[in-house]
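The values are calculated or read from the model by the stated rules, or taken from the named source; none is laboratory data. What you are looking at is a predicted structure, and each value in this text was computed from that prediction instead of being measured. Neighbour counts run over all protein chains shown; Cβ positions are idealised from the backbone, glycine included.
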Amino acid sequence: MAEKEKNIWIGFDLGGTKMLSIAYDNEWKELGRRRRKTRGREGSDSGVERIASTIARMLDESNLDREQIAGIGIGCPGPIDLVKGRILTTPNLGWDDVEIGAFLKKKFDCPVVVVNDVDAGVFGEYEFGAAKDARCAVGIFPGTGVGGGCVYEGKILQGAGISCMEIGHTRISSSIRASGISMSGTVESEASRLTIAAEAAKAAFRGDAPYLAKKTGTDLSEIRSGAIADSIQNGDKAIKRLVEESAEVIGLAVVNIVHILAPDKIVLGGGLVEAMEDLIVGTVKKTAKANVMSVYKDRFDVVAAKLGDDAGVWGAAAWAKSQLTAK
């Protein structure tokens, strides 16, 4: 019996709040998708089983043959051991040293490429979205944390066996506010959605954000991107200023990146940016242009991501294909 053609590429994005799996053919036509929520800080054993079951259900629901899978690309938060396909640590999920690549390879009997989730998102935008044809594209995705990624001349910028571009964990101010590491004053500690939400809760409690206080309250878990945007649209000036301050911090981070890498495209993505695109992208661009050395001022643009949640999935699948077909 002739061997079946390996023509299905699967992308998977493991986020802090959701899992998304999409299957594509060789021309990137979508063949099937499945989305589900993560279960907060569930254990890694349970988490990887749910990843596998999400992929399996997507294949079954779309009547796709497992024997035709050419490869799986999975984007995961946090630093990645690129050689072993291992998640080293995911602060937002509480996972450490998870052999996700080997697990999925055994489960589906196909090659698996593990990549940082923001790297995957930036690669997706480079191949199919807002950074298409850029020589050097850098992505900054503020969310629960602040993720970063870079595609340089068609390749994801990576370290020797480990992912890099941890923009969120670079120091940007003298503030004593900390995030997931001991160093204070980082981009993440100053500009993440979690930081904005915490300060917004204080403003609501003090009476400085009356709409937010009435509509959403001060529960940090309820002050998500949509609630923040809604608050601003309904006149809470204190909340608008919080978002502007965070965007200014990201703008200064862009200045540092421009001075080091001179990217021609800076892509801002994630739910926070989607909810307040004009305010955040405009403030980041204005801050960056005002503070870079004059010779760099007109050599880069700051844009919003185009692909939404699909960016990381598409990018993970495309990166897997590029790596596996190059061998």
Exactly one of Asp81, Asp96 is within 16 Å of Ile156 (Cβ to Cβ) and of a type in the set (Asp, Glu), and that residue is Asp81
Here the residues within the range 130-156 that are part of a loop (DSSP other than H, G, I, E, B) and closer than 18 Å to Leu268 by Cβ are Ala130, Ala131, Lys132, Ala134, Gly143, Thr144, Gly145
Checked the range 216-242 for anything touching a residue at least 40 places away in the same chain (Cβ under 8 Å) and either among the basic types (Lys, Arg) or on the phi > 0 side of the Ramachandran plot (or both); matches are Arg224
Any chance you could count how many residues in the range 175-206 are among the basic types (Lys, Arg), within 21 Å of Val138 (Cβ to Cβ) and either part of a loop (DSSP other than H, G, I, E, B) or without any contact (Cβ under 8 Å) to a residue 12 or more places away in the chain (or both)? 0
Conditions (1) assigned by TED's automatic domain parsing to the domain that holds Cys76; (2) in contact with a strand residue (DSSP E or B) (Cβ under 9 Å, 6 or more places away or on another chain) -> Tyr152 fails only (1)
Residue in the range 86-101 that is within 19 Å of Thr325 (Cβ to Cβ), in contact with a helix residue (DSSP H, G or I) (Cβ under 6 Å, 6 or more places away or on another chain) and buried (at least 22 other Cβ atoms within 10 Å of the Cβ) present: no
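For (1) touching a Leu at 6+ places or on another chain (Cβ under 9 Å); (2) among the hydrophobic types (A, V, I, L, M, F, W, C), each residue gets a yes or a no:
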{"site": "Ala290", "(1), (2)": "no, yes"}
{"site": "Val303", "(1), (2)": "yes, yes"}
{"site": "Asp310", "(1), (2)": "yes, no"}
{"site": "Ser322", "(1), (2)": "no, no"}
Looking only at residues that are of a type in the set (S, T, N, Q) and touching a residue at least 12 places away in the same chain (Cβ under 8 Å) in the range 124-174, which one is nearest to Pro91 (Cα to Cα)? Thr144
On the given criteria, is Ile250 in contact with a Lys or Arg (Cβ under 6 Å, 6 or more places away or on another chain), in contact (Cβ under 8 Å) with a residue 12 or more places away in the chain, within 25 Å of Gly308 (Cα to Cα) and of a type in the set (A, V, I, L, M, F, W, C)? no
Those residues of the range 143-181 which are over 17 Å from Gly75 (Cβ atoms) and in contact with a Leu (Cβ under 7 Å, 6 or more places away or on another chain) amount to Gly161, Ile172
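Residues checked against (1) of a type outside the set (D, E, K, R); (2) assigned to a helix (DSSP H, G or I); (3) over 22 Å from the mean Cα position of the chain (by Cα); (4) surrounded by 15 or more Cβ atoms within 10 Å (Cβ to Cβ):
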residue: Arg34; (1), (2), (3), (4): no, no, no, yes
residue: Val48; (1), (2), (3), (4): yes, yes, no, yes
residue: Ile51; (1), (2), (3), (4): yes, yes, no, yes
residue: Ile55; (1), (2), (3), (4): yes, yes, no, yes
residue: Leu59; (1), (2), (3), (4): yes, yes, yes, yes
residue: Asn63; (1), (2), (3), (4): yes, no, yes, no
residue: Glu67; (1), (2), (3), (4): no, yes, yes, no
Residues that are of a type in the set (Gly, Ala, Ser), at least 3 per element: which helices (runs of 4 or more DSSP H) completely within the range 207-294 meet that? 225-233, 237-261, 277-291
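Answer yes if at least one residue in the range 117-128 is more than 22 Å from Ile10 (Cβ to Cβ), at pLDDT 95 or above and not in a strand (DSSP E or B), and no otherwise.
The answer is no; no qualifying residue exists.
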Criterion: surrounded by fewer than 24 Cβ atoms within 10 Å (Cβ to Cβ), over 19 Å from the mean Cα position of the chain (by Cα) and either over 20 Å from Thr54 (Cα atoms) or not assigned by TED's automatic domain parsing to the domain that holds Pro263 (or both) - qualifying residue of Lys105, Lys132: Lys105
Identify all residues within the range 257-280 that are surrounded by fewer than 21 Cβ atoms within 10 Å (Cβ to Cβ) and closer than 15 Å to Ala137 by Cβ; write none if there are none. Ile260, Leu261, Ala262, Asp264
